[in-house]
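Report on the following structure.
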Amino acid sequence: MTDHTDYTHYIEDNTEFITPPNIIKSKVGHGGIPEERLRKCQEFIESNTIDFKPYAEEHLNNINGILKLSQGTKSDDSKKEYLEEISQNIMQLKASGSMFGFHAVTQIADTVLNFVERATTVNDDLYKIIESHNACLTLVLSQNIKGNNVKKINVLTNELYDAIDRYENKYTDHE
């Protein structure tokens, strides 16, 4: 039997390594975002006076409307499509909350978005978790709760995690 672990006989002195062109990099450029642009964006985020509440309330209203439509359908495919629409609205809340100082909106939306994206069973228990998400965000907005590590938000988020755990334990196969 031949020993194939010695590859030195394949290496020649005139071997040339060719680096293929990076087509994507040539299209988008080589550098990052200029420091000045980053600084201006950060200043805008910290000093903007845009009222986030109407924007957030619009997404919450969308979620509530889609929930009602989803609860009224029997088709699993339709329920999954509605769940995708709900996910997109939650995603917008998650992405925008911190930018407007509502870190709790981002925290709560992130918790439920991760759950909704993993959910395989669309049922009343899932709807209740989404309704709880909406209730939490309505509280945050009505009480104008801003900042990080707010105790009552951490309690609400932990309750959402617990509800999600109960849901997953009940509806996920544990094989």
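Values in this text are rule-based calculations from the coordinates and carry no lab data. Everything numeric here is computed off the predicted structure, so don't read it as measured data. No Cβ is skipped: glycine too gets one built from the backbone with ideal geometry, and neighbour counts run over all protein chains shown.
Per residue and in cubic angstrom, what volume does the convex hull of the Cα atoms of the chain have? Before the final figure, lay out each step's value.
On the way: hull volume 48.0 nm³, N = 175.
Cα convex hull per residue, to the nearest whole number: 275 Å³.
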Please sort 39-48, 18-27 by packing, taking for each peptide the average over its residues of neighbouring beta carbons within 10 angstrom, highest first. 39-48, 18-27
What is the angle, in °, between the Cα long axis of helix 35-47 and the longest principal axis of the Cα atoms in the chain? Nearest 10 is fine, range 0 to 90. 10
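How compact is segment 37-88 by the rule of thumb for globular proteins, expressed as Cα Rg over 2.2 N^0.38 Å?
Cα Rg divided by the expected 2.2 N^0.38 Å: 1.73.
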Hydrodynamic radius (Kirkwood) for segment 104-175, which is based on Cα pairs only, to one decimal in Å: 12.7
Given the DSSP H assignment, sum -39500 (n - 2.57) over each helix run of at least 4 residues in the chain and divide by its residue total; what's the result at 222 nm in deg cm²/dmol, nearest 500? -22500 deg cm²/dmol
For residue 159 and residue 53, calculate 0.36 nm times their separation in residues minus their Cα-Cα distance, and state this gained length in nm to one decimal. 35.8 nm
Specify the angular offset, from 0 to 90 degrees and rounded to the nearest 10, of the alpha carbon long axis of helix 124-142 from the longest principal axis of the alpha carbons in the chain. 80
Note on the chain: contact order normalised by length, alpha-carbon pairs under 8 Å, 6 or more apart, percent, works out to 18
Specify the angular offset, from 0 to 90 degrees and rounded to the nearest 10, of the alpha carbon long axis of helix 76-97 from the longest principal axis of the alpha carbons in the chain. 90
